[in-house]
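**Q** Below: one structure in structure tokens.
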Amino acid sequence: MKNLLCLLALGITLSLQAQTPKGESINLNQKWRFIQGDNIAYAKPGFDDAGWKTIQTDRTWEESGYEKYDGYAWFRIKVIIPLKLKQSAFLKDSLRIYLGKIDDFDQVFLNGSLIGINGKNVSARTVPDTMFKAGTQSYWDVERPYSISASDPRIKWDQENVIAVRVFDWNGGGGMYSGDQAITMIKVSDYLAIENNISPYKFVNDNLKKTINLRNTSASYTIEGDFSIRAINKLTGEEIYKNEILNIALKPFQKQVLDIQIKKPDQSALITYSFDFTKAGTKIYVTDETPYITTPLPSALPRINGASVTAARPGKPFLFTIPASGDRPMTFEALNLPKGLNLDPNSGIISGKVDLKGEYKVVLKAKNEKGVDSRELTISIGDRICLTPPMGWNSWNCWGLAVDEQKVIASAHTYLNKGLMNHGWTYVNIDDGWEIRGDLNPKRDPEGNILTNEKFPDMKRLGDSIHALGLKFGIYSSPGPLTCGGYTASYQHEEQDARSYASWGIDYLKYDWCSYGNIAKDATLAEYKKPYFVMRDALNKVDRDIVYSLCQYGMGDVWKWGDEVGGNLWRTTGDITDTWESLREIGFGQVKNQPYAKPGNWNDPDMLIVGWVGWGPSLHPTRLTPDEQYTHISLWCLLSAPLLIGCDLQRLDEFTLNLLTNDEVIALNQDPLGSQAKQTLVDGDIQVWVKEMADGSKAFGVFNLGGKTANFILEPEKAGLKPGGELRDLWRQKSMGKAGNLISVAIPSHGVMLYKLK
Ligand code: GLA
């Protein structure tokens, strides 16, 4: 699952650090024996693996030369576990076999006996079954901290032990890859969970509030020690809060709930939570950063937001909802609408069909008790659609394969409830997990029609209800026989599927390479393009405009030919995840594809990772810090990237809403020129990215990729900018006066200052 391009997900913000003095740990990041395929006899300690190859465990097996290998493989290592390890430990009750992260599934055997599966210990009686179940959630990003009682006879103290790991990888990178595998005795610090990412901070008047848990995960040991919380202003380093709770005693499995309240700073505060295990003489800490809101609250006056151009092909159904903020009730007008279109004055939904090609200049008006706003909208009826990057929501980064109809409907309703629609958010897209599954084989009805699974009883009804809200409806498939999640996909049924989609009212298709890897004859451009042409032809035959989103992770420099195969957008990399490493690698890596973005064709650096995400049934608040999230949204807007919210919209908090509803920031993304920002300056950890705007101005972000606050003096000319113009801080929507020959900016670590220069 893990893509080769993703760096290790080491979650800097929530890093749990414990000291392990030398000699108290056996490093397992050594050469393991390795074989592809599956044979349960490999678990036996006496099995002769002398003929196996060796492999490193700090990289995926693809990175060790087993390119594109998906399926079963085994890792084995022989290790002497000295009794001294136990004798010298403070706690002597359990041995910990830490295997880092494994992509995707694993079963771990100690001396022939199964001790754990996918990161959880199992009882000695557990029988290893077939571990891979198509359509289940991947565990690629999950840690494997296995443990076993020190008195368990399966451990051979002072003798050779054999650890065998059976792995199944279903796509992308595979294997044991995080490089931090080790054997230790369980330490007291392993038993304490400082759960500081269970809920986001809440703004209450002038304060920030949040609840954290201290949890003892041990069944027998009472944790004793002192807990402290310290907050400093991230920009200045000044201490703004300190609290100590001395002499805590947490009984086995006890949880202590703590409420934190600090005065709201203008910038992020860096909070360090430390626990001092006074008896054991060790300390651990975790950190996080507090949110701060920059987007001014929308005014009560009507204001029309979002794109100033929209498009449809002649004779195809047209749908556009006027995005306007301001007090409700509001009524709408649209002057000079082309023949065939009608406006509903209460909802602002414009719908119908236009037969004649043309660039129609329409005047939109939004009116409420407080006033009127008016703005021009170009309705382009021609061959090209998707003239500004699509803005919407997609189910993958939150629900993964656990998506269902209720979740999609609930998301669509939050567009209205939380006012997202007023800022241009339009698409409601279902990713993988809606199709029927057939035990590793595609399954269809007797006529070959695609079937939905029980979670999506009626796609047409769902499509109709999304359209009735003035929103658009998206879906997902693969050109191969199966999707990445193992569900039925479109191979050899492309036209039939396109017809099904059209009959459900689909407006957007994400078409994901996945199992087409087994169909393609070779890794040539012709083979990369082929399946995308086939679906393009199929989409051309239906009576709807369907935005065509190619997903094949950038193979063959897709940005060079995505337009040729009729794509509107194309993923440029592997999958994103909610860590700074992933965001940095993907976001700041969008240099080469810059010239290829234009109205109707967008480079797609993957979906947004703000809010509550999880890729499965259980979600967590994003592991990105608030500054990293400002960087994320600023960069995606500068890059003219598709904006697909990846979080549970029902749990949108105030901070995330602030990130997603800043109209001046969104305006960069929706600018009709459609130019992607260029990286114009790299100076150590500082990067400047500049985007040309249709009105002749330039938008730019000064990013700090380093771990400390940067006080940077920008010489505009060195970054391709002209001094002298009016400078505007876009997040704060504040004019900064004339830009001089030197612009001085203070940027928090991993943060950004985003400007427009007129
Ligand atoms: C691939 C894609 C993801 C998502 C999953 C669904 O990994 O890159 O965006 O669509 O497949 O299985």
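The values are calculated or read from the model by the stated rules, or taken from the named source; none is laboratory data. These numbers were taken from a predicted model, which means no experiment stands behind them. Please note: Cβ atoms are built from the backbone with ideal geometry, for glycine as well, and neighbour counts cover all protein chains shown. Areas reflect the complete protein model, heavy atoms only, side chains present, ligands, DNA and RNA absent. Shrake-Rupley method; radii C 1.70, N 1.55, O 1.52, S 1.80 Å.
**Q** Just the number, please: carbon plus sulfur as a percent of the accessible area of the range 20-186, 1.4 Å probe, no ligands or DNA/RNA counted. Write out the running numbers ahead of the final one.
**A** Working: 3640 of 7260 Å².
Of all accessible area on the range 20-186, carbon and sulfur atoms account for 50 percent.
**Q** Tell me, what is the Rg over Rh of the range 174-296, with Rh the Kirkwood radius over Cα pairs? Walk me through the numbers on the way to the answer.
**A** Details: Rg = 16.7 Å, Rh = 16.1 Å.
With Rg and the Kirkwood Rh in hand, the quotient comes to 1.04.
**Q** What number do you get for the chain when its Cα radius of gyration is normalised by 2.2 N^0.38 Å, N = residues?
**A** 1.00
**Q** Tell me the label-point distance for the pair Leu673, Gln30, using the 7 Å Cα-to-Cβ offset, in nm and rounded to one decimal.
**A** Rounded to a tenth, the inter-label distance reads 6.0 nm.
**Q** In the range 221-310, which chymotrypsin sites (Phe, Trp or Tyr not before Pro) fall in coil by DSSP and have 15 or fewer other Cβ atoms within 10 Å? If you can, show how the numbers build up before the last one.
**A** Details: sites: Tyr221, Phe227, Tyr241, Phe253, Tyr273, Phe275, Phe277, Tyr285, Tyr292; in loops: Tyr221, Phe253, Tyr292.
Filter output for the range 221-310: Phe253.
**Q** Same structure, new question: Which whole-number value in Å³ per residue fits the convex hull of the alpha carbons of the range 679-757?
**A** Convex hull volume per residue, Cα atoms: 80 Å³.
**Q** Given an 8 Å cut-off on Cα distances and at least 6 residues of separation, report the relative contact order of the range 679-757 as a percent.
**A** Computed over the range 679-757, the figure is 34 percent.
**Q** Using a 1.4 angstrom probe, figure out how much accessible area the range 392-642 has per residue, in square angstrom, rounded to the nearest whole.
**A** Value returned for the range 392-642: 30 Å² of accessible area per residue.
**Q** Taking the Cα centre of the chain as the origin, how large is its charge dipole in debye, to the nearest 20, when only Lys and Arg (+1) and Asp and Glu (-1) carry charge on their Cβ atoms?
**A** The calculation lands at about 640 debye.
**Q** Another question, if that's okay. Can you compute the equivalent ellipsoid semi-axes for the range 20-186, i.e. the square root of 5 times each eigenvalue of the Cα gyration tensor, sorted largest first and rounded to whole Å?
**A** Working from the Cα gyration tensor, I get semi-axes of 25, 16, 16 Å.
**Q** What is the magnitude of the charge dipole of the range 679-757 about its Cα centre, with +1 placed on the Cβ of each Lys and Arg, -1 on the Cβ of each Asp and Glu, and no other charges, expressed in debye to the nearest 20?
**A** Roughly 220 debye for the range 679-757.
**Q** Considering only C-alpha atoms, what is the centroid distance from the range 382-419 to the range 310-349, in Å?
**A** Between the Cα centres of the range 382-419 and the range 310-349 lies a distance of 20 Å.
**Q** Tell me which of Tyr42, Ser149, Ala73 sits at the most positive position along the dipole axis of the range 20-186, charges placed on C-beta atoms (Lys, Arg +1; Asp, Glu -1).
**A** It is Ser149, whose Cα lies furthest towards the positive end.
**Q** Also: Heavy atoms only, probe 1.4 Å: what % of the accessible area of the range 304-403 goes to carbon and sulfur, would you let me know?
**A** That fraction is 50 percent.
**Q** After finding the eigenvalues of the alpha carbon gyration tensor for the range 133-242, what semi-axes result from the square roots of 5 times each, listed largest first in whole Å?
**A** Semi-axes, largest first: 37, 23, 14 Å.
**Q** I'd like the distance between the alpha-carbon centres of the range 258-273 and the range 483-525, rounded to an integer number of Å.
**A** First find each Cα centre; the distance between them is then 47 Å.
**Q** On to the next question. Of Pro389, Pro291, Asn601, whose Cα points farthest to the positive end of the dipole of the chain (charges on the beta-carbon: +1 Lys, Arg; -1 Asp, Glu; origin at the Cα centre)?
**A** Result: Pro291.
**Q** Per DSSP helix of 4 or more residues, -39500 (n - 2.57); summed, then divided by the residues of the chain. What does that give at 222 nm, rounded to the nearest 500?
**A** The per-residue figure over the chain is -3500 deg cm²/dmol.
**Q** Further question on the same structure: For the range 259-298, with every protein chain kept in place, what is the accessible area per residue (1.4 Å probe, Å²)?
**A** 46
**Q** While we're on this one: Quick one: plug the Kirkwood hydrodynamic radius of the range 523-620 (C-alpha pairs) into Stokes-Einstein at 25 °C, 0.890 mPa s, and report D in µm²/s. Kindly include the intermediate steps, with their values, before the conclusion.
**A** Values: Rh = 14.8 Å.
Translational D for this selection: 166 µm²/s.
**Q** In Å², what does the accessible area per residue of the range 303-381 work out to with a 1.4 Å probe?
**A** 48
**Q** Here's a follow-up. Could you please state how large a percent of the accessible area of the range 410-457 is carbon and sulfur, counting protein chains only and using a 1.4 Å probe? Could you put the intermediate results ahead of the total?
**A** Values: 990 of 2040 Å².
Accessible surface attributable to carbon and sulfur in the range 410-457 totals 48 percent.
**Q** Just the ratio, please: alpha-carbon radius of gyration of the range 303-381 over 2.2 N^0.38 Å, N its number of residues.
**A** 1.06
**Q** Report the Cα centroid-to-centroid distance between the range 213-228 and the range 590-645 in angstrom, as an integer.
**A** Centre-to-centre distance over Cα atoms comes out at 38 Å.
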